[in-house]
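Chemist: This is the structure I want to talk about, given as structure tokens.
The values are calculated or read from the model by the stated rules, or taken from the named source; none is laboratory data. These numbers were taken from a predicted model, which means no experiment stands behind them. In case anyone asks, the SASA skips ligands and DNA or RNA and just uses the protein heavy atoms, side chains included. Shrake-Rupley method; radii C 1.70, N 1.55, O 1.52, S 1.80 Å.
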Amino acid sequence: QVQLVESGGGLVQAGGSLSLSCAASGRTVSNYAMGWFRQAPGKAREFVAGITGSGTRTHYADSVKGRFTIARDNAKNTVYLQMNSLKPEDTAVYSCAAGQFYTESNAYRYDFWGQGTQVTVSS
């Protein structure tokens, strides 16, 4: 089992920045690719970004490319999502997940999930 706990969400004005963290425990987390997903009210869960177990490769949804950065520190068992130039449409609950492929956008293919953290961007 892998336990994941997100933190860092909050309220920010459009154009601002937030940094999310996902603390992992349990099995060797570096064995897993990690992904960030988000879900806005009334919408399907959406892939945001993914990173390999080693942290050497990343993948982003077109909607966040150039604004968001995913990174990980395996010594701290933590994955990060730096979000810049935030827009109101980025408002959602953001969750991290552990899986096998960093480019996987299908949420059902991820093995472990955190509880999520709310990000609200005001206009």
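Chemist: Write down the accessible area per residue of the chain in Å², having rolled a 1.4 Å probe over the full set of protein chains. Spell out each step's value before the answer.
Modeler: Values: 6250 Å² over 123 residues.
Using a 1.4 Å probe on heavy atoms only, each residue of the chain averages 51 Å².
Chemist: Out of ALA75, ALA107, ALA23, any idea which swings most in a Gaussian network model of the chain, alpha carbons joined below 10 Å?
Modeler: For the chain, modelled as a Gaussian network with Cα springs under 10 Å, the answer is ALA75.
Chemist: Something else: Could you work out what % of the accessible surface of the chain is carbon and sulfur, using a 1.4 angstrom probe and leaving DNA, RNA and ligands out of the count? Don't skip to the answer; put the middle values down first.
Modeler: Working: 2900 of 6250 Å².
Answer for the chain: carbon and sulfur cover 46 percent of the accessible area.
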